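K.L.:
Handing you this structure, nothing more for now.
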C-alpha cells in the first residue's frame, strides 16, 4: 500500500498498481484490476526481463515503497509513493538506475467508474497525456516515450546507472486548469520527512518495535486526514474465502473500532491522531440515539447503500463485488458500549474532554434503557436474523457501567444509582443466560451451545477478571473448538448459522485477543508464541489482511486491515509493558482487576 492519507493504492509484487480510488478512499476506482482484469484499469511498470530478481521494502519509517530489480546486465530501483495531499492527488513512480542498464515496460490503463468507463486520452504536450471522462481528469507526465495501443498507453525505456526516469500521475476535476508540474525529488523528500516525523515517535517495544512502527504507519495511512476518520481497509470485496461470496466494502469507519484504535494510538503516544479519531466519532454520531449507526462514511456520511458491480468478476473470480455496506442499517447493541468505553479510555488517557460528552451520555443511556433487552445482529453483522448475543449484552453492561462511574464522579448520585442498578441487572442476566454451566463456558447467544471469539473480550472490558473460572473455561473451550492451525475462528459455521453462504478464514484480530487473554491468564510463553505466529503472517512489507486461510496458506479478506494492525499494536504493548492496554482497559470496569463478580 502507498497513500496520501486521503486515499491509497495497492502495488503488486509484479509492479502493477491494481487498485486506486480517486480522490478519496470511498471514491470510484480508476484502477480496478484487483477485482477484475487489466481491462478494468491498472498501471504496470516492470522490467522486460521475465527472469529479473525483484525484492521489495518500505524505506525506513515511511510509506515509500522501493522495489529493487536485478539482472546480470544491471540493477535499478522503482520508487512508488503518494506525496501528502495539497490541492490534488499525485502518484509518483521513479525508476532509478544503479548498475549497468535495464529496460522497463509500462502499461497504463485508466478506467473510471470501477473499471467501466474508457476515458478520452490525448497528448497535451511532448511529455504529458490527459485522460478525461465526465468530472475526472488524470494526467501523466514522463520523459519516457509512450504510445497508444488497443485502448492502452504503453511504452519501453532503458535506464542506466545514475539515471532516473520519473512518472507523475495527477488527478483533478476535469473543469479545472491543468495542474502545475511538480519537482519529483522535492516531493520525495517532502514525503519522506512527513512519514519520518510520524514514525520517529514510535515507542520502544523491544524486538517488536519495527512491527509496531509499521502498524502505526498503516493506521496513519488509513486515516482520512481532513476528518480524522479511519477506514477499516482501503479495499472492497476482497473475499474471506477465495471463490466465495463473503465480500464486503470496508472503505468506511466502524464505531466499534474506536476504543481499540484510541487505546493503540494513546498507549503509543500518538495523542493528536487519537484526538482526531475521537472528534470524528463525536461528529458522526451526533443526532438522535435511535439513529446511531454501527459505521459511517469517512466524513461522517450515513447513507452507504449496498449494490453489486456486474462488470467486475471479483478477485480471483470471487463474485460479487459490492459497493456500500448494507450492515449500516443493522442494530448492533455493542456499539453503545464501545462508544462509552472509547470515551472512558480517551478521558483516562488524558485527552481533553469533548464538549458534547456530558450532554450526550444521558440521552444515549435513556435510549439504551429501552432497547438493551432486545435481540440484535451482533458484532459480526450476521445476516441470518437477530439473536440475544452474549457479547452484545456484555457491551450493554459496559455502557451502563461506564455511565454510572462517570455520573458518580460528577456528583450525579441518582443517575449513578440508576445506571449501576441496570448494569448489575445485565451482569446477572448474562451470567445466567449467556453461560453454559454444563460445559463451563460462555456461549455465543442465549440458549445456544455455540462459541464465539467475541467472548474473549469479557476480561478486556472488565466484565469479569480473566482468572474467573467461568472465563478460564471459556478460553479453554475456544482453544479446543474454535482454533484452526493455531489461529482463532470467529465462530464455527458447523455449530451456528450467520445467514451467509461459504466459509471464511481465521480472524486475525480475534487471534490477537486470544494472545492478550493468555497473557492475562499468566501463560506468557503461549501468548508470545501466538503473537510471533500472527506477526509472521504479514506479507513481505509487513502488512496484514483481515483473515488467514490456514488450508490455502494465504491471507484473505480486505487488505490491509486496520483492525488486524490495531490488534498487533495492542498485543505487542501488552507483552512489552507491565500495564499494557488490556489491563488499562479492563480496569475501566468495576469488575476488573482482582474484584470478584456478583454471583449469578
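Laboratory data are not the source of any read-out in this text; all were calculated from the coordinates shown. This is a predicted model, so every value here is computed, not measured. Neighbour counts run over all protein chains shown; Cβ positions are idealised from the backbone, glycine included.
K.L.:
Within 10 Å of each residue's Cβ, count the other Cβ atoms and sort 154, 69 from fewest upward. Don't jump to the answer; show the numbers that get you there.
P.N.:
Details: 154 16, 69 22.
Fewest-to-most ranking of 154, 69: 154, 69.
K.L.:
Quote the FRET efficiency, to the nearest 0.05, computed for residue 68 versus residue 290 with a Förster distance R0 of 51 Å and r equal to the Cβ-Cβ distance. Display every interim value, and only then the final one.
P.N.:
Details: r = 56 Å, r/R0 = 1.09.
According to the calculation, E is roughly 0.35.
K.L.:
For an R0 of 51 angstrom, estimate the FRET efficiency from the Cβ-Cβ distance between residue 50 and residue 410 and round to the nearest 0.05.
P.N.:
Details: r = 69 Å, r/R0 = 1.34.
For R0 = 51 Å, the calculated efficiency reads 0.15.
K.L.:
While we're on this one: Let me have the relative contact order for the range 41-179, percent, based on Cα pairs under 8 Å that are six or more residues apart. Before the final figure, lay out the partial values.
P.N.:
Details: 325 pairs, mean separation 34.0, N = 139.
24 percent.
K.L.:
Oh, and also: Pop a pseudo-label 7 angstrom from the Cα along the beta-carbon direction at both residue 118 and residue 279 and give the gap in nm to one decimal.
P.N.:
4.7 nm
K.L.:
Can you work out the FRET efficiency for the pair residue 161 and residue 528, with r the C-beta to C-beta distance and R0 = 45 Å, to the nearest 0.05? Can you show the working numbers first?
P.N.:
Numbers: r = 45 Å, r/R0 = 1.01.
Efficiency, rounded to the nearest 0.05: 0.50.
K.L.:
Now, a different point. Could you work out the relative contact order of the chain? I mean the mean sequence separation of Cα pairs under 8 Å and 6+ apart, divided by the number of residues, in percent. If you can, show how the numbers build up before the last one.
P.N.:
Numbers: 1353 pairs, mean separation 70.8, N = 600.
Normalised by residue count, the contact order of the chain is 12 percent.
K.L.:
Within 10 Å, count the other beta carbons around each residue, average over each peptide in 24-34, 136-146, and list them highest first. Before the final figure, lay out each step's value.
P.N.:
Working: 24-34: 24.7, 136-146: 19.4.
Highest-to-lowest ranking by the protection proxy: 24-34, 136-146.
K.L.:
When the Cα centres of the range 236-284 and the range 9-26 are compared, how far apart do they sit, in Å?
P.N.:
One Cα centre to the other: 20 Å.
K.L.:
Rounding to the nearest 10 and keeping the result within 0 to 90°, find how far the Cα-based axis of helix 271-284 lies from the longest principal axis of the chain.
P.N.:
Relative to the chain, helix 271-284 is tipped by roughly 80 degrees.
K.L.:
For a protection proxy built on the mean count of beta-carbon atoms within 10 angstrom, sort 444-456, 313-325 highest first, please.
P.N.:
Details: 444-456: 21.3, 313-325: 18.8.
Taking the mean over residues of other Cβ atoms within 10 Å, the ranking is 444-456, 313-325.
K.L.:
Same structure, new question: Roughly what would the spin-label model give for residue 307 and residue 181, points 7 Å off Cα along C-beta, in nm?
P.N.:
Spacing of the two 7 Å Cα→Cβ label points: 4.0 nm.
K.L.:
Order these by the 10 Å Cβ neighbour count, fewest first: 366, 182, 393.
P.N.:
Working: 366 10, 182 18, 393 25.
Least to most surrounded, the residues fall as 366, 182, 393.
K.L.:
May I ask for the angle, rounded to the nearest 10°, between helix 184-199 and the longest principal axis of the chain, with both axes built from Cα atoms and the value confined to 0 to 90°?
P.N.:
20 degrees
K.L.:
Nearest 500 deg cm²/dmol is fine: what mean residue ellipticity at 222 nm does the chain get from its DSSP H runs of n ≥ 4 alone, each adding -39,500 (n - 2.57), divided by its residue count? Each step should come with its number before you reach the end.
P.N.:
Numbers: 14 runs with 189 residues, N = 600.
Value at 222 nm, helices only: -10000 deg cm²/dmol.
K.L.:
By how many nm would the segment from residue 147 to residue 87 lengthen if fully extended, with 0.36 nm per residue of separation less the alpha-carbon distance? Write out the running numbers ahead of the final one.
P.N.:
On the way: separation 60, 0.36 × 60 = 21.60 nm, distance 2.90 nm.
18.7 nm is the gain from fully extending residue 147 to residue 87.
K.L.:
Sticking with this structure for a sec: Once the piece of chain linking residue 374 and residue 196 is laid out straight, how much longer is it, given 0.36 nm per residue of separation minus the C-alpha distance between them?
P.N.:
Extra length from residue 374 to residue 196 when fully extended: 59.2 nm.
K.L.:
Something else now. For the Cα atoms of the chain, what angle does the longest principal axis make with the long axis of helix 334-349, in degrees from 0 to 90, nearest 10?
P.N.:
Rounded to the nearest ten degrees, it is 80.
K.L.:
How long is the gain from residue 348 to residue 479 if the chain were fully straight, where each residue apart is worth 0.36 nm and the alpha carbon distance is subtracted? Please list the in-between numbers first.
P.N.:
Details: separation 131, 0.36 × 131 = 47.16 nm, distance 3.27 nm.
Between residue 348 and residue 479, full extension yields 43.9 nm more.
K.L.:
Right, another one. Among 389, 157, which comes first, second and so on when ranked by fewest other beta-carbon atoms within 10 Å? Each step should come with its number before you reach the end.
P.N.:
Values: 389 27, 157 17.
Fewest-to-most Cβ neighbours within 10 Å comes out as 157, 389.
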